[in-house]
1. Go through the residues of segment 83-96 one by one and say whether even a single one is under 21 Å from Asp144 (Cβ atoms) and basic (Lys, Arg).
2. So, Trp137, is that one part of a helix (DSSP H, G or I), at negative phi and open to solvent by less than 70 Å² (accessible area, probe 1.4 Å) or not?
Amino acid sequence: VVAGCGGGEAVRECLAPLLAHAPRIVLDADALNHVARAHELQRLLRARAGQGRPSVVTPHPLEAARLLGVTAAAVQADRLAAARALAERLAVVVVLKGSGTMLATAGTGDVLAGWLGGLWAQQPRADPLRVACAAVWQHGHAADAALAEGGRHGAPLLAADLIAVLGATV
């Protein structure tokens, strides 16, 4: 399950059952914001690891800050320490978005979360860390290719650009 790419308040209603029952889950955006505000959702997320149900979270620095109870500046000051702290606190694989995405626009992170979920669905027994690494590399490679092929250097990279390149690689 990939949860949180949009959905606002409607996502909140689905999170507890998803965290309790989904065999594998990727949480992004709105889902992460709801988890940050609800201790019960954090408890359910942490419990998944002990139940053999892996989880991956894909926060940008502000979402990571909310989950850690710190500022985005603190996350940015030591991104590796923030990702490690988040992984330990929630017992999840963390993909901390942000570095190297100066040309990104809204939705490109959703593409990453969705791509990761799609890869994992094709390999349900795969190590979530390996799947996350593959998705991050493919996403970054697609961004580089979209910029090179489309001649959009200096222009914002759109989610549709990434989807087109990722779709062509399958």
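The values are calculated or read from the model by the stated rules, or taken from the named source; none is laboratory data. Please read these numbers as outputs of a predicted model, since none were measured by experiment. Here Cβ is always computed from backbone atoms with ideal geometry, including for glycine, and neighbour counts include all displayed protein chains. With ligands, DNA and RNA removed, areas are computed over all heavy atoms of the protein, side chains included. Shrake-Rupley method; radii C 1.70, N 1.55, O 1.52, S 1.80 Å.
1. no
2. Taking the combined requirement at face value, the residue does not satisfy it.
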